[in-house]
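Down below is the structure, laid out as structure tokens.
The values are calculated or read from the model by the stated rules, or taken from the named source; none is laboratory data. Remember, predicted model here, so these are calculated numbers, not experimental data. A quick note on method: Cβ atoms are made from the backbone with ideal geometry, for glycine too, and the neighbour counts reach across all protein chains shown. Heavy atoms of the whole protein, side chains included, go into the accessibility calculation; ligands, DNA and RNA do not. Shrake-Rupley method; radii C 1.70, N 1.55, O 1.52, S 1.80 Å.
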Amino acid sequence: MITISDVKKIFQTKNGTVSAVDGVDMTIKDGEIFGVIGYSGAGKSTLIRMLNGLEVPTDGSVDVNGQLISQAKGRSLREARQSMGMIFQHFNLLWSRTVLENIQFPLEIAGVSKKERIKKANELLNLVGLEGRGDSYPSQLSGGQKQRVGIARALANDPKVLLCDEATSALDPQTTDSILDLLVDINDRLGLTIVLITHEMHVIRKICHRVAVMDSGKVVEEGDVLDVFRNPREEVTKRFVKEVSQQQESDDVLEHCQDGKVLKLTFVGESTDQPLITALIRRFDIEVNILQGQISQTQKGAFGTLFIQLTGDPLIVDQAVAFAENQVKVEVMER
Ligand code: ADP
């Protein structure tokens, strides 16, 4: 478990002091994928760097698996760091070394024998899907492949925690998705905790179990990804959620519908599995017209909205609305 308690980080600069992280409390459970999202300058990098002791808090404490990282020094800090792997936006690979040598590097530092190192590096090469590329140099690889090397290297010491610093921000959308799938696979297979920082809500939506939203050094909102998507409270969170839901204004939907009733159905979690539309058509003698919708998958189920138009006998339409209201959240659109 990771416990961050009232952590502050103040930088002294020529132009005065900068409060990068300003009183953050956070608890991250073993085995979860925890995302921290915020715009540039929110304090995400500073926060994640305090998790592995790359930055020391000005105040407060950081405890990773029972060890106080914020107070650790010398050998105990080095050992603590070995239980955490980190991957970076620009991969930070050693360009003059081959892929296999890059993966072996942390093992070399940890004093592991050559034979063991090569065995472990080859296993990791397979785990990240780079079989046969061990003798290549980083410059011969695509961005996604370079990040796979970064991931393999980060896993070399069998860490309990993987820290991801904007790990997909330099990749195209398709490659991003393949790296995110790999992270989910690793989390599943190895049960390791993943903490990631990002400015992309797509990343949170696709792989995180829980999310914290940072703004001006503070956590302004935190919760299960699905809950935050369903009920974003803060303005900054609403903006992030909008990025992935891209809902058209409902006015557009209503403009072309003169008859019957238009419903906005909100699906959260398991409810998208229920064949609501089929049930409406089978049970009620009405027309059901799908107007617009978007459903996205998260790690804990689907969420999204669907606009439908119900036409027919007004009494039966009302019955159908009542039926739908029992299944999902329904809003009858006013015209
Ligand atoms: P993010 O990762 O969300 O973009 P950062 O943690 O990088 O945010 O930065 C938060 C704030 O702290 C910014 O105003 C940044 O300029 C400042 N900052 C970060 N690192 C330093 C540093 N080493 N010295 C001075 N200011 C810094």
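Residues checked against (1) closer than 24 Å to GLU234 by Cα; (2) at pLDDT 95 or above:
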site: ALA170; (1), (2): no, no
site: GLN174; (1), (2): no, no
site: ILE179; (1), (2): no, yes
site: VAL184; (1), (2): no, yes
site: ASN187; (1), (2): no, yes
site: HIS202; (1), (2): yes, no
site: ARG205; (1), (2): yes, no
site: ARG210; (1), (2): yes, yes
site: VAL213; (1), (2): yes, yes
Seminar exercise, completed: Here the residues within the range 280-307 that are under 22 Å from LEU226 (Cβ atoms) and of a type in the set (A, V, I, L, M, F, W, C) are ILE295, ALA302, PHE303, LEU306, PHE307
Exercise. So which residues in the range 15-44 are of a type in the set (Val, Ile, Thr), more than 10 Å from the ligand (Cβ to nearest atom) and free of Cβ contacts under 8 Å to residues at least 40 places away in the same chain?
Worked result: THR27
For this session: Among what's in the range 199-221 and is in a strand (DSSP E or B) and either crowded, with 23+ Cβ neighbours inside 10 Å or not β-branched (Val, Ile, Thr) (or both), pick the residue that is farthest from the ligand (Cβ to nearest atom).
Result: ARG210
Exercise. Here are LEU47, LEU51: which of them is within 10 Å of the ligand (Cβ to nearest atom) and in contact (Cβ under 8 Å) with a residue 40 or more places away in the chain?
Worked result: LEU47
Problem set entry | Subset of the range 102-144 [touching a residue at least 12 places away in the same chain (Cβ under 8 Å) and among the acidic types (Asp, Glu)] | ASP135
Problem set entry | Residues satisfying the stated conditions in the range 306-335, i.e. open to solvent by less than 30 Å² (accessible area, probe 1.4 Å) and of a type in the set (Phe, Trp, Tyr) | PHE307
Exercise. Is it true that some residue in the range 55-78 is out of contact with any helix residue (DSSP H, G or I) (no Cβ under 9 Å at 6 or more places or on another chain), farther than 24 Å from THR193 by Cα and modelled with pLDDT of 95 or more?
Worked result: yes
